[in-house]
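> Take a look at this one; I'll ask things after.
Values in this text are rule-based calculations from the coordinates and carry no lab data. Bear in mind the structure is a predicted one, so any value in this text is a computation, not a measurement. Cβ: placed from backbone, ideal geometry, glycine included. Neighbour counts: every protein chain shown.
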Amino acid sequence: MRSRPAPPAEHAAPAGDRHPLDPGLAQHYLDSLLAYMGGLVARRRVEPTGDLLSAMVRARDDNVDRLTEQELVTLAAGLLAAGHETTVTQIPNMVYVLLTTPGAGDTLRDRPELVPVAVEELMRFIPLGATAAFPRYATEDVELGGVLVRAGEPAVVNIAAANRDDTVFTDADRLDLTRQVNPHLGFGHGVHHCVGAQLARMELRVVLETLLDRAPGLRLAVPVEEPTWKSGLLVRGLVAMPVAW
Ligand code: HEM
């Protein structure tokens, strides 16, 4: 977005980014984002470019049954939010774990070719979702872990717990940057598997490789317990992490 519209005065920003947003302020930001996306969609409709948004507009306009206008705008805003907030949060989360786990940074500095494998392990090890957010509704009666979920009932999946499942991962609570067998669920599973997973993997690899190359001496500039964490949001991440190099 080019600029963020000022919130109405009655929704003054809460003190400190650690606090969840005031619901009115959150709604205001959501409305602003959807208005911005609606404008962008209108622009692409008149002047298409080679980008994804133009292709989505075309998909809607060529066959109006496939996507309503509201779905198009919401999907575009969803892609932006899902593609931005996740990666910008997971990058510092990964750096924090690397800087605070004895030997982890040295392993990657000595063997930078491990970065792609390390990214998968960091995705497994670090819970990005602050909670189990999205319910799944059973379309038929199904037994899960000895519990009967009836058709129409929700089941809530905790990805972070699944990623530390001892029956799937050897030494599940240990960060192993050389782990070869790693069927983690960090990008979800099934029909809703993250559509941006390959892009995210590429971003995470490039960031770690670049940091190792340009700032091999990177270290926390404050005691390990000092960085502060956001709360009340879907994703779990740092408010601030002072570093030195
Ligand atoms: C570290 C980065 C990322 C993580 C950890 C992540 C994680 C996830 C997870 C766990 C899901 C599944 C949610 C569910 O089960 O309902 C998901 C879905 C999704 N992700 Fe990502 N994601 C990341 C980056 C991205 C990027 C870069 C994009 C887009 C450019 C993106 C777009 C989406 C979208 C649109 C969905 C919904 C897919 C659907 O419901 O069919 N994500 N992501």
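> What nm value, rounded to one decimal, do you get for the distance between V64 and H189 when each label is placed 7 Å out toward the C-beta?
According to this spin-label approximation, the distance is 4.1 nm.
> Quick one: grab the alpha carbon gyration tensor of the range 66-166, order the square roots of its eigenvalues as a ≥ b ≥ c, and give me rounded if a/c is under 1.5, else prolate or oblate depending on whether a/b is larger than b/c.
On the way: a/c = 3.20, a/b = 1.48, b/c = 2.17.
Judged from the Cα gyration tensor, the range 66-166 comes out oblate (a/c at least 1.5, b/c at or above a/b).
> Next question, about the same structure. Using the Kirkwood radius over C-alpha pairs as Rh, can you work out the diffusion coefficient of the range 110-237 via Stokes-Einstein at 4 °C, viscosity 1.567 mPa s, in µm² per second? Let's see the in-between values first.
Numbers: Rh = 17.1 Å.
Estimated via Stokes-Einstein, D reaches 76 µm²/s.
> Right, something else. Using a 10 angstrom cutoff on alpha carbons, build the Gaussian network for the chain and name the most mobile of E69, E143, E120.
Most flexible of the set in this elastic network: E143.
> Now for a separate question. Quote the FRET efficiency, to the nearest 0.05, computed for T210 versus E143 with a Förster distance R0 of 35 Å and r equal to the Cβ-Cβ distance.
0.15
> Turning to a different aspect of this structure: May I ask you to derive the FRET efficiency for L75 and T178 from their Cβ-Cβ distance with R0 = 51 Å, giving the value to the nearest 0.05? List each step's numbers first, then the result.
Working: r = 38 Å, r/R0 = 0.75.
My answer for the efficiency is 0.85.
> Give me the three principal axis extents of the range 135-208 from the C-alpha atoms, as integers in angstrom, largest value leading.
Here the spans come out as 44, 29, 15 Å, largest first.
> Compute a Gaussian network model of the chain, connecting alpha carbons closer than 10 Å, and tell me which residue from V46, V195, V156 fluctuates the most.
Answer for the Gaussian network model of the chain: V46.
> Could I ask something else about it? Measuring from label point to label point, each 7 Å out along Cα→Cβ, what is the E153 to A26 span in nm?
Reported label-point gap for E153 and A26 is 2.8 nm.
> Defining a contact as two alpha carbons under 8 Å apart and six or more residues distant in sequence, what relative contact order in percent does the chain show? Don't skip to the answer; put the middle values down first.
Working: 266 pairs, mean separation 53.0, N = 245.
Relative contact order of the chain: 22 percent.
> To continue, here is another question. Per DSSP H run of at least 4 residues, take -39500 (n - 2.57); add these up for the chain, divide by its residues and hand me the 222 nm value, nearest 500 deg cm²/dmol.
-14500 deg cm²/dmol
> Taking N as the number of residues in the range 57-120, what is its Cα Rg relative to 2.2 N^0.38 Å?
Values: Rg = 19.7 Å, N = 64, 2.2 N^0.38 = 10.7 Å.
With N residues counted in the range 57-120, Rg over 2.2 N^0.38 Å equals 1.84.
> Please give the direction-averaged projected area of the C-alpha convex hull for the chain, in square nanometres with one decimal.
Details: hull surface 69.6 nm².
Result: a mean projected hull area of 17.4 nm².
> If a paramagnetic tag sat 7 Å from the Cα of T170 along the Cα-Cβ line, which residues of the range 102-142 would have the backbone N under 16 Å from that point?
121
> Moving on. Which of these, G50, G105, G146, has the largest mean-square fluctuation under a Gaussian network model of the chain (Cα springs below 10 Å)?
Comparing G50, G105, G146 in the GNM, the peak value goes to G146.
> Here's another thing I want to ask about it. Let me spell out the model: positive unit charges on the Cβ of Lys and Arg, negative unit charges on the Cβ of Asp and Glu, origin at the Cα centre of the range 136-189. What dipole size does that give, in debye rounded to 20?
Working: 5 positive and 9 negative charges, 39 e Å.
Dipole about the Cα centre, nearest 20: 180 debye.
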